[in-house]
1. I want to confirm something. Restricting to region B:155-183 and keeping residues that are within 10 Å of chain A (Cβ to nearest Cβ) and surrounded by fewer than 17 Cβ atoms within 10 Å (Cβ to Cβ), which single residue is farthest from the chain's Cα centre (by Cα)?
2. Only one residue in A:42, A:18, A:35, A:29 is surrounded by 13 or more Cβ atoms within 10 Å (Cβ to Cβ) and small (Gly, Ala, Ser). Which one?
3. For region A:34-60, which residues satisfy the criterion of being under 16 Å from residue A:105 (Cβ atoms) and touching an Asp or Glu at 6+ places or on another chain (Cβ under 8 Å)?
4. Name the single residue, out of those in region A:113-127 being aliphatic (A, V, I, L, M) and crowded, with 18+ Cβ neighbours inside 10 Å, that is farthest from the other protein chains (Cβ to nearest Cβ).
5. Only one of these conditions is not met by residue A:139: (1) of a type in the set (Lys, Arg); (2) in the same structural domain as residue A:165 (by TED's automatic domain parsing); (3) within 16 Å of DNA strand C (Cβ to nearest atom). Which number is it?
6. In this structure, does residue B:29 turn out to be more than 14 Å from chain A (Cβ to nearest Cβ), more than 16 Å from DNA strand D (Cβ to nearest atom) and touching a residue at least 60 places away in the same chain (Cβ under 8 Å)?
7. Of all residues in region A:87-112, which are within 10 Å of another protein chain (Cβ to nearest Cβ) and either small (Gly, Ala, Ser) or touching an Asp or Glu at 6+ places or on another chain (Cβ under 8 Å) (or both)?
8. With the requirement that a residue be assigned to a helix (DSSP H, G or I) and more than 14 Å from DNA strand D (Cβ to nearest atom), what does region A:62-72 give you?
Number of protein chains: 2
Amino acid sequence: MSPKPMARPGGRSARVQASVHAAVRELEAERGREALTVPLVAARAGVTPSTIYRRWGDLQELLSDVAVERLRPDTEPADHGALRADLTAWAEQFLDEMSSTAGRAYIRDALLGDPDGGNAGQCSAYAAAQVDLVLDRARERGENGAGGEGGEADAPAREAVMDHVVAPIMYRILFRPEGLSTVYARELVARALDGLPD
Amino acid sequence: MSPKPMARPGGRSARVQASVHAAVRELEAERGREALTVPLVAARAGVTPSTIYRRWGDLQELLSDVAVERLRPDTEPADHGALRADLTAWAEQFLDEMSSTAGRAYIRDALLGDPDGGNAGQCSAYAAAQVDLVLDRARERGENGAGGEGGEADAPAREAVMDHVVAPIMYRILFRPEGLSTVYARELVARALDGLPD
DNA sequence: CGACTAAACGCAATCCCTTTGCGTTAAGCG
DNA sequence: CGCTTAACGCAAAGGGATTGCGTTTAGTCG
């Protein structure tokens, strides 16, 4: 669903999409995001502007698609042997990547050209999947009966981590970009795991 | 700072700004947000398009300014006599207003045309001020030594409420718009106040 | 109170992004 | 292998975005 509903997933359509996406990434690196226009991307991709307009409807929607692809995690969370260490390390890396200049630009683009909210939902789903991996691993270790419904002495449920770790990080990045460090991520994880044995 | 750095706060400049802002609000109500263009707004405001382009630089930046004005709270949080009741009521109203179709559009606009992040910061400052009012009132009542640094049995600090109530609400609105009700706001407040006597 | 400076605005010409109709290509399918 | 139609290329308007220049006027200083 990252690209528009494609009734024809193969052949020329697929080549056009790959070519356009590559053109966006190249031009973004060469001339910067501000200089991007639909005719410019079209020329680099070897297609006509009307093709892009018909398929994506808008420059912002195209950039939104590219941004979501770039926000997809490329590696699994590292295994440090314990839930607290895993979650802390993941949250720190998440904050680092997302709060970088490039990361903030991708988040904004993903939210921007997104009439139905599908792309933004995809971003959230990526983070949720990563969190699930960490929590599943803890459950397999038998930590505190992890994955329970967030009882006082159980490992937090997925939704609790989304609410109290991921959400505050994203809120700060979007609304209060000043003074953000990995310390903040560590504190959030510590609070979310409050009352758990270490 | 809502308008661009205005070296001339009075006279014609002020009239132009007021006229343009009014034109945006009128046309937004009449023809919908999608139909807005700079020439259209300019014609309604009785100015030339170049004036708008020079002053705001872009339609999105203009809409961002208008959106921030609309997101400014117009009333103080209601006083229900106790911290928990005050915070719950405020959070429910906050979620209702922000998750509405109009509210989401304003949030998106505010984030959109915002190169330096000043407008987004203003939105966060509005919410923080409202939270401060609620917490200050609790402190004046002498509730739990409210306003302390978030100790286990103290009322939560402002930052704790921003992290665990405001941030999750905004995250859900932006990234997971499905199935959002006042129940969610109430749960968040309950968790933030966990361990407090009622 | 009057003259000066420069920011802000109006006007108009230009550029090029956006949109749309029509013919052509080729992907999917029986 | 032939049919159907989605997807693409082409080209022509149509209109929004940009900019130079002259004019107005807000703010300031003598």
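The values are calculated or read from the model by the stated rules, or taken from the named source; none is laboratory data. Just so you know, these numbers come straight off a predicted model, no measurement behind them. Here the Cβ positions follow ideal geometry from the backbone for every residue, glycine too, while neighbour counts run over all protein chains shown.
1. The residue in question is B:178.
2. Checking each option against the conditions leaves just A:42.
3. A:36, A:60
4. Across region A:113-127, the extreme among qualifying residues is A:127.
5. (3)
6. Considered against the rule, which asks whether it is more than 14 Å from chain A (Cβ to nearest Cβ), more than 16 Å from DNA strand D (Cβ to nearest atom) and touching a residue at least 60 places away in the same chain (Cβ under 8 Å), residue B:29 comes out as no.
7. Correct list: A:110 only.
8. A:63, A:64, A:66, A:67, A:68, A:69, A:70, A:71
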